[in-house]
Amino acid sequence: IKKRKFTVLAIMAFSILLNCRNSSVPSIEVVAKVDGENLSREDLLRWLPSAIPEDQKAILSRQYIDRWVQKTVLAQAAKADGIKLTDYENWSLDFLQKDMLTQKYLTAKLPRDIIITDQEISTYYDQNRQQFLRNEDEVHLVQLYLDNRDRAIDEEIKEQDNLLEVIKKNFLDSQPGRIVERNGDLGYVPINSLKKEIARLVRSGNTGRIYGPINIEQGYYYFQMMDKQTGGSYRSLDLVEEEIRLRLIAIKSEKLTEEMA
């Protein structure tokens, strides 16, 4: 009960804080308090990401204040019961602090842009081709999943030979509800990772053809195979170029770090 009271008071305080944007209005300096420990307005604003929309700040702040109150209440209870961190746990905290300081130091001292040339990428690919071997059959897939069948989209797909163009033209790749089934170009995916109904069609089907609508899980599914590759084949350089670039940046960063130590 006591903990819940603290949480409610904190949320009320922050609602007032949100309305204190005008400098002529006094601002609340303490937005939550638990037996002598305070969460200040400054601490809360410092925690909030600067880029988040205004309408999200209140939600995130309430969540943070609730967590702060909960953790503070429990931490105070632990201290009251004589519970302490072990030597190893204290060492871990000290190590974490050193690690964070190290990362900030490296961020400040290392070059912001580590240049990787096309020749370096090509050389790495030639010398490490075995790393880019496919372990199983893959398909380059463009997919569209709709919760409800749309006859206009059906007609448009019939007239087109490019499913991705239909998706982009109708903004079907930017629907906020598309979480489980992402619409658009999926790149190469293992055939075994697809739903059984789709995998069966992919294995026997032809590239370029648009399949659908297929009624799956209370929705309608369309897909187009752009390419199929068998297990044991090599991914081409253009497919792994960005992956290699990131690897080489990591290698160069590690080398520069060793030189600075």
Relative contact order (percent, whole number), the chain, Cα cutoff 8 Å, 6+ residue spacing: 20
10 Å Cβ shell holding at most 14 others, DSSP loop, trypsin sites (Lys or Arg not before Pro): longest site-free stretch of the chain: 22-83
Chymotrypsin sites (Phe, Trp or Tyr not before Pro) within region 152-235, DSSP loop, no more than 10 other Cβ atoms inside 10 Å: Phe171
Calculated FRET value between Lys195 and Asn162, using beta carbons and R₀ = 25 Å, to 0.05: 0.60
Candidate lysines for bridging to Lys98, where Cα separation is under 23 Å - those fewer than 8 sequence places away on the same chain excluded: Lys84, Lys109, Lys252, Lys255
Pair-distance profile P(r), taking every C-alpha pair of region 43-167, with 10 angstrom steps and integer %: 8, 13, 16, 21, 24, 14, 4, 0
Rounded if a/c under 1.5, otherwise prolate or oblate - region 103-204, Cα gyration tensor axes: prolate
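Could you compute the net charge surrounding Met225? Neighbours are other residues with a C-beta less than 14 Å from the C-beta of Met225; K and R count +1, D and E count -1. Could the numbers behind the result be given before it?
Working: positive: Arg200, Arg203, Arg209, Lys228; negative: Asp137, Glu138, Asp161, Asp185, Asp227.
My count for the surroundings of Met225 gives -1.
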Residue-averaged [θ]222 nm for the chain, counting only DSSP H segments that reach four residues, each worth -39500 (n - 2.57): -16500 deg cm²/dmol
Three semi-axes of the equivalent ellipsoid, region 99-163, Cα gyration tensor, whole Å, largest first: 44, 23, 14
Spin-label model distance (nm) - Asn215 vs Asn90, 7 Å beyond Cα toward Cβ: 6.8
Charge tally in the Cβ shell below 13 Å around Tyr188, where Lys, Arg are +1 and Asp, Glu are -1, Tyr188 excluded: -4
Value of Rg to Rh for the chain (Rh from inverse mean 1/r over Cα pairs, i.e. Kirkwood): 1.11
Sequence-separation-based contact order of region 25-141, relative, with Cα cut under 8 Å and 6+ spacing, percent: 14
Tail weight of P(r) past 21 Å, computed on alpha-carbon pairs of region 149-261, percent: 52
Hits among lysines - C-alpha to C-alpha of Lys195 under 23 Å, sequence gap 8 or more where chains match: Lys228
25 Å Cα-Cα reach of Lys57 towards lysines, excluding residues that sit fewer than 8 places from it in its own chain: Lys3, Lys5, Lys33, Lys71
Of all accessible heavy-atom area on the chain, the percent that carbon and sulfur account for (1.4 Å): 52
GluC sites (Glu not before Pro) within region 109-167, DSSP loop, no more than 11 other Cβ atoms inside 10 Å: none
Rounded to the nearest 20 debye, dipole of region 68-202 from Cβ charges on Lys, Arg, Asp, Glu: 640
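Under 8 Å for C-alpha pairs, at least 6 residues apart: give me the relative contact order for region 132-261, rounded to a whole percent.
Numbers: 173 pairs, mean separation 51.2, N = 130.
Once normalised by length, the contact order is 39 percent.
The values are calculated or read from the model by the stated rules, or taken from the named source; none is laboratory data. These numbers come from a predicted model, not from an experiment. A quick note on method: Cβ atoms are made from the backbone with ideal geometry, for glycine too, and the neighbour counts reach across all protein chains shown. Protein only, heavy atoms only, side chains kept; ligands, DNA and RNA dropped before computing areas. Shrake-Rupley method; radii C 1.70, N 1.55, O 1.52, S 1.80 Å.
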